[in-house]
Amino acid sequence: TCLHTGTHLDAPFHFFNRRSTIDQAPLASCMGLAALVDLSPKQAGASITAQDLAPYQASIRQAGRAVIYTGWAAHWGEERYFVDFPNMAADAAQLLVESGARLVGIDTPSVDRPPYEAHLVLLGHNILILENLANLNQIGSQVFHLIALPLKITGRDASPVRAVAVIERGEYAK
């Protein structure tokens, strides 16, 4: 299978040949508090900007991880899912860097489209990218515990993950 199939985590090596591979991803970045950034429903092809993320900056700074909910996962199985998804602008990626994010997740197949400015900003600052999330509408809390551990695949740029949201002590989102 392709390492970028389904819910998966991108390491800096995805865009930068001399950066860390997925087996070198700090596991502490892959689990812990996450801020749910509710941008639903972002329209098809819409750009996620720094202005969209600004109201969540304090939560992102506190949690160290941002999970962006656009509502786009509802289009899974439709042809347009991989074509028209909302995508992150470079200024939004820069705001995430300035907010101290160590991991950024989103419910679209990618954070952006060519020329991949958000990928370059995030991965260039060693921020892991978690793509193709689902069921974010079930979290129901602005801050939650996220677990999204990669497989230990040596020397590669990504890994499929099973992403889990711990929404209350002992309870998990589906």
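Using the structure shown, decide if Asp10 is of a type in the set (D, E, K, R), in contact (Cβ under 8 Å) with a residue 12 or more places away in the chain, buried (at least 20 other Cβ atoms within 10 Å of the Cβ) and touching a strand residue (DSSP E or B) at 6+ places or on another chain (Cβ under 7 Å). Yes; evaluated as a whole, the condition is true for this residue. For segment 41-133, the strands (runs of 3 or more DSSP E) that sit wholly inside it and include 1 or more residues that are in contact with a Pro (Cβ under 7 Å, 6 or more places away or on another chain) and within 19 Å of His4 (Cβ to Cβ) are 128-131.
Yes or no, residue by residue, for (1) over 22 Å from Leu149 (Cα atoms); (2) surrounded by fewer than 21 Cβ atoms within 10 Å (Cβ to Cβ); (3) touching a Cys at 6+ places or on another chain (Cβ under 9 Å):
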residue	(1), (2), (3)
Gly32	no, yes, no
Gln43	yes, yes, no
Ser47	yes, yes, no
Gln57	yes, yes, no
Ala63	no, no, no
Ile68	no, no, no
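Each residue in segment 119-150 was checked for being within 11 Å of the chain's Cα centre (by Cα) and under 22 Å from Thr49 (Cβ atoms), and 9 pass. Tally time: how many residues in segment 1-59 are of a type in the set (Lys, Arg) and within 15 Å of Pro109 (Cα to Cα)? Total satisfying the criteria: 1.
Bear in mind that the values in this text are calculations on the coordinates, not laboratory data. Since this is a predicted model, take the numbers as computed values, not measurements. Counting neighbours? That spans all protein chains shown, and the Cβs are built from the backbone with ideal geometry, glycine included.
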